[in-house]
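Reviewing the structure listed below.
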2 protein chains.
Amino acid sequence: MPDPPDCGLASSPARWPAVVFQPLGRRVPAAPGSTLMDLARAAGVDLAGPCGGQGLCGKCQVRLDLPDPPPPQPGERAVLGQAAEQGFRLACQTTLPQGGSVWVPFRSRPGRQVILTQGAGAPVELDPAVRCLDLTVPPASLESPTDQGQRLLQELGPHLAGSSAELSLGVLRGLPQALAEQGGRVAAALWQGRRVLDVSPGQGQPCLGLAVDLGTTTVVAYLADLASGAILAVTSAMNPQIAHGEDVVSRIAFAGRDPQNLEALAGLARACVNELAREACAQAGVPPARVLDCVLVGNTAMHHLFLGLDPTGLALAPYAPVTGAGLDLPARQVGLELAGEAALHLPPVKAGFVGSDTVAAALALGAGGLGEPTLILDLGTNGEMVLAAGGRMLCCSAAAGPAFEGGHIAWGMRAATGAVEAVCLGTDLEPSLKVIGGGPPLGLCGSGVVSAVAGLLQAGALNGRGSFVQGLASPRLRPGPRGLEFVLAWAGQTASGQDLVLTAQDVAEVQLAKAAVHAGVAIMLERLGLTRVERALLAGAFGNYLDPGAAGAIGLFPGARAEIITGVGNAAGAGALAALLNRWRRAQAQDLARGLGYLELAACPQFAERFVEGMALPQAGGDG
Amino acid sequence: MPDPPDCGLASSPARWPAVVFQPLGRRVPAAPGSTLMDLARAAGVDLAGPCGGQGLCGKCQVRLDLPDPPPPQPGERAVLGQAAEQGFRLACQTTLPQGGSVWVPFRSRPGRQVILTQGAGAPVELDPAVRCLDLTVPPASLESPTDQGQRLLQELGPHLAGSSAELSLGVLRGLPQALAEQGGRVAAALWQGRRVLDVSPGQGQPCLGLAVDLGTTTVVAYLADLASGAILAVTSAMNPQIAHGEDVVSRIAFAGRDPQNLEALAGLARACVNELAREACAQAGVPPARVLDCVLVGNTAMHHLFLGLDPTGLALAPYAPVTGAGLDLPARQVGLELAGEAALHLPPVKAGFVGSDTVAAALALGAGGLGEPTLILDLGTNGEMVLAAGGRMLCCSAAAGPAFEGGHIAWGMRAATGAVEAVCLGTDLEPSLKVIGGGPPLGLCGSGVVSAVAGLLQAGALNGRGSFVQGLASPRLRPGPRGLEFVLAWAGQTASGQDLVLTAQDVAEVQLAKAAVHAGVAIMLERLGLTRVERALLAGAFGNYLDPGAAGAIGLFPGARAEIITGVGNAAGAGALAALLNRWRRAQAQDLARGLGYLELAACPQFAERFVEGMALPQAGGDG
């Protein structure tokens, strides 16, 4: 007999009834309210759970070896089917307050897991939307002249989500030939258990997927093997739309001038994705015709331009997208040259300036499950920010301006060879520069500008208002054409043959950029009733280059300090890959986008005040 | 208090408790096992039921005014939602063995009904798959920058099948413009409550659908107003594929010779449907771009050729189709020039020679609900037959050969101007002819040949083996080049200036054709344990021309006699229209095709014997 129920009295783990996981024999106290999934984790028992404990995937089935198992939940019965009668339950939906013995069958052990992000986010369990299955479809007979489609579906039976699946016209057209060629031996690609995407003669063919992060500047494509989860190739290229404007606002303006311009921009983005897919396939030695699934993320403007949706509304208040919904399309419908009927999934976008890249980054970093106040920050001309704390999430977008990308800076440039990416100042104010490519410095990229400002602040050469401190004993601080300037490298050492300087105006540009971010974060904190960020994850290219110390030194956001800041690389790309390798992440992205509160800073009355406050720079010595 | 329960004792209607339908006050005895829907019909109370009593559509809600109403069925609760708590139940799912008062709300009164078939089949309640809705979509604001798609869906809210619906890429591309043009006033077309097909600026626009019967010889298109159910125009044309073969077998052979031939045949059929749609729209004065839904039926070969599916398997045992499933496609995917995102539905096909036209005809004629043994017969080169009795249904296809279409007949021709369509013989064997168009006779179409044989049989001029009786006192019976022949019209009266004759060989051709049909029906009767057909519905063009008396006289099937035979016109077209005007008919067609047993005559060992028996012609006088 199990122990008597808890009765709601105060209890301690030592007095809780035990759950024993078999065949491992691991014993764990049944903490009140904990599901068997929670207890298995606590006991170090691996249990599959690709849907993240939502009770949807049915992969975490365990058998309750009890004389009188609790009845299944209403939704559970549909997932379990016959297994419910044999005592099976979903570990993620079941509590055993009275303890007992639980059998973990072999099939509920998790599959391969893939780690996608640098230093943050949970591993992704492999459960792709598209699965390739080797089948042998028997021929029809006079006694049973079943149609070819039906015979194929019969063989697919156990893999179908319902009793049937959809065969697209393209698949039906190729079906007689595919079945004839090798005596019914075919490889079938099945999407979400509901749609057959491809039937090819022969078996054991590659089953590939492509995850794309379509950035304003850079497009990155990840080619993955959907059968193993292996990443076979990563390719990237500059977004060719750059010919029509460096930033989203100028591309939106170009698109708005003429419907043909919109088509042109869509065509450029699609051609770029096709080129990256071809290149990745060539690197991996696989045919693009075996790429059966694609997930694409981007900011809302890139998303709209890729799909050929009118983006002009994104540049005008209230900045409403045409659609924010997650979309499933035939890849061919937007001109992708993959498998003939390849699927394309676009995760949801949240707002005009919070795109599916931000949603994907939040997904990859597990924002929904973060406890301590965590900021996810992707900085560029536009800063997209998500603040997550204890299951609550807010996001906003701040117009940081071009400083973080080296724009509007006297010697600013993009993060390319010759750009100073970090500046280190000695106590004598003598700088040492870290230059991309290692040669002589040519200019300053975003992280270099921030690093220079941070160094000058820490050396006491800048005050809290961003003014150079008068009377410093350094020849490097001198009057320039527009106020004071600081010489980072003398003409003899630079690639241009001129002095490389940081001007007072440059400092002001950094203050404007960080003030926007600071104000956004401050308002999000207020809305969530918090005072400061406890952890910050810097996503994207800028986050990769930016020194956490410098970000802390300029007070990028309330509570910013080096020890809480981590660069997490291309989290948006990692999120796209996660959605490619695990179909439950798509539903999770949809939930995440729905649960994510959006703050329109332009509509916040306190924005101006917080922006002015955010202009202030922290003082190393406390003065200023 | 209601009466005590029936307790299973023998009871008579007079002793059954009463159900009273309010507000009409109609009272009816609650026959045991009868649903409220059955009782409402018996009481003459009109109740909506577009899904045919399957408990799916939720349109037959009634409120049970009882102190303790029975709980809803499991499936019922999902359909009823909140209404279940207020005492509402689905009339088609509810029995009230103890009687009581039932309130029929206004919303459960049926909508417009349309009668589609001549003399058979139930009227169709209007509930189309595509509905057009006039909406005013409010603009976004900074406080609520909801995307355009979402704002549209919010306005569509009560009309959606779930909480959301899919917006196709084509609709999304046009959305900003459509919303901008008239301040958010738009007409939206919604498919099955799940997909938005069209959003056009302005309101009150026509909402049209097209039903197409794609015959081997003739293509018929019906243009319907989906808002009113009115049929606005009917157009027809010869199937232009005829240039590549008169019958399906020769077209299949042509298609099999080269993939380009298949494309050519598909292109011809599609161009023909486009032309018929344009013509119908021109007649009705409406734009083809407002045709938002299309239902197309045809025999399996026409179905495959229209879709571009390889038909070669249909001509070779085991005659398996590529697919038999009902299909939903974007109409544009098969080149139909209707609304940009118009839907296309193809009802299921049953077998290689039992197409969606037969399924549609059975649907229109209500085959699933027929009690007495009823034969549905569509005769041509191929005879498709459905035998329905008490909810059981069998179908088969018999290769009748070309006689019923005037082929292989000495003076045979198609049913066109100049064709003799009926022959009436006096007792002196002097014939009077009914000629299509009324002019002098040119030849004999199928119904004319059958009519002539029937007349000669009834006059005693033919015996049961199909031989002319020797020694008849008529100058019209004479030796011809290949045995005896009967002169139907002398040279002076014919369009050709030659004698129009029916030869002994012609009689044999009719025997072969009817023997195939007779054998098919005989075997179906055996399988269902029946001896003869009690009612026969002749569908299609041949059925329209054929005199029931002649069909009875030649013994077309076991039990054939004039009084049980009815021509029902284009029942396949009527079925297509029914599926266009009522979406539940699509599910019903799927169920019907599933429930319909298929008999492959080529695999029936008794076929040869039954065929030989079927050659015999009934004798008017009983001799022969």
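The values are calculated or read from the model by the stated rules, or taken from the named source; none is laboratory data. Please read all numbers here as calculations on a predicted model, not as lab measurements. Cβ: placed from backbone, ideal geometry, glycine included. Neighbour counts: every protein chain shown.
Descriptive notes on the structure:
- Counting only helices (runs of 4 or more DSSP H) that fall entirely inside the stretch A:256-375 and contain at least 2 residues that are closer than 30 Å to A:R532 by Cβ, the qualifying elements are A:356-364.
- Annotation: B:A161 fulfils all but one of (1) in contact with a Lys or Arg (Cβ under 9 Å, 6 or more places away or on another chain); (2) at the interface with chain A (Cβ under 9 Å from one of its Cβ atoms); (3) at pLDDT below 90; the unmet one is (2).
- Subset of the stretch B:114-132 (residues that are at pLDDT 95 or above and not β-branched (V, I, T)): B:P128, B:A129, B:R131, B:C132
- Filtered residue count, the stretch B:344-355, keeping only those that are touching a residue at least 60 places away in the same chain (Cβ under 8 Å) and more than 10 Å from chain A (Cβ to nearest Cβ): 3
- Boolean, A:G49 is closer than 26 Å to A:L363 by Cβ and at pLDDT below 80: yes
Rundown of residues vs (1) among the aliphatic types (A, V, I, L, M); (2) under 20 Å from B:K514 (Cβ atoms); (3) crowded, with 20+ Cβ neighbours inside 10 Å, yes/no style:
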residue	(1), (2), (3)
B:A419	yes, yes, yes
B:G448	no, yes, yes
B:A452	yes, yes, yes
B:L462	yes, yes, yes
B:L472	yes, no, no
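- Any hit, the stretch A:504-519, residues being in contact with an Asp or Glu (Cβ under 8 Å, 6 or more places away or on another chain), over 28 Å from A:S397 (Cβ atoms) and assigned by TED's automatic domain parsing to the domain that holds A:A410: yes
- Residues that are in a loop (DSSP other than H, G, I, E, B) and either over 29 Å from the mean Cα position of the chain (by Cα) or modelled with pLDDT of 85 or more (or both), drawn from the stretch B:408-435: B:H408, B:I409, B:A410, B:W411, B:M413, B:T417, B:G418, B:G426, B:T427, B:D428, B:L429, B:E430
- Whether a residue is of a type in the set (S, T, N, Q), over 32 Å from the mean Cα position of the chain (by Cα) and modelled with pLDDT of 95 or more was assessed, and B:S141 does not pass this test.
- Taking first residues from the stretch B:289-318 that are touching a residue at least 40 places away in the same chain (Cβ under 8 Å) and more than 10 Å from every other protein chain (Cβ to nearest Cβ) and partners that are of a type in the set (D, E) and assigned to a helix (DSSP H, G or I), the Cβ contacts under 7 Å between residues at least 6 apart in sequence or on separate chains come to B:V297/B:D357; B:G298/B:D357; B:N299/B:D357.
- The stretch B:517-544 - residue that is under 15 Å from the mean Cα position of the chain (by Cα) and of a type outside the set (G, A, S) and, of those, modelled with the lowest pLDDT: B:N544
- Within the stretch A:376-394, the residues that satisfy the criterion of being closer than 30 Å to A:M413 by Cβ, hydrophobic (A, V, I, L, M, F, W, C) and not in a loop (DSSP other than H, G, I, E, B) are A:I376, A:L377, A:M385, A:V386.
- Any hit, the stretch A:192-209, residues being among the basic types (K, R), in a strand (DSSP E or B) and within 13 Å of chain B (Cβ to nearest Cβ): yes
- Where helices (runs of 4 or more DSSP H) fall wholly inside the stretch A:558-624, the ranges with 3 or more residues that are within 12 Å of the chain's Cα centre (by Cα) and in contact (Cβ under 8 Å) with a residue 24 or more places away in the chain are A:571-581, A:584-595.
- Top-ranked residue in the stretch A:128-170 [being among the hydroxyl-bearing types (S, T, Y) and in contact with a strand residue (DSSP E or B) (Cβ under 8 Å, 6 or more places away or on another chain); ranked as surrounded by the fewest Cβ atoms within 10 Å (Cβ to Cβ)]: A:T136
- Test: residue in the stretch A:525-545 that is surrounded by 15 or more Cβ atoms within 10 Å (Cβ to Cβ), of a type in the set (S, T, N, Q), touching a strand residue (DSSP E or B) at 6+ places or on another chain (Cβ under 7 Å) and not in a loop (DSSP other than H, G, I, E, B): yes
- Of all residues in the stretch A:171-187, those that are within 11 Å of another protein chain (Cβ to nearest Cβ) and surrounded by fewer than 17 Cβ atoms within 10 Å (Cβ to Cβ) total 2.
- Count - residues of the stretch A:321-343 that are of a type outside the set (D, E), more than 10 Å from chain B (Cβ to nearest Cβ) and touching a residue at least 12 places away in the same chain (Cβ under 8 Å): 9
- For A:G355, the criteria (1) over 20 Å from A:P311 (Cβ atoms); (2) outside the structural domain of A:P318 (by TED's automatic domain parsing); (3) modelled with pLDDT of 95 or more hold in every case but one, which is (1).
- Matching entry among B:G313, B:G298, B:G308 (being of a type outside the set (D, E, K, R), surrounded by 24 or more Cβ atoms within 10 Å (Cβ to Cβ) and more than 18 Å from the chain's Cα centre (by Cα)): B:G313
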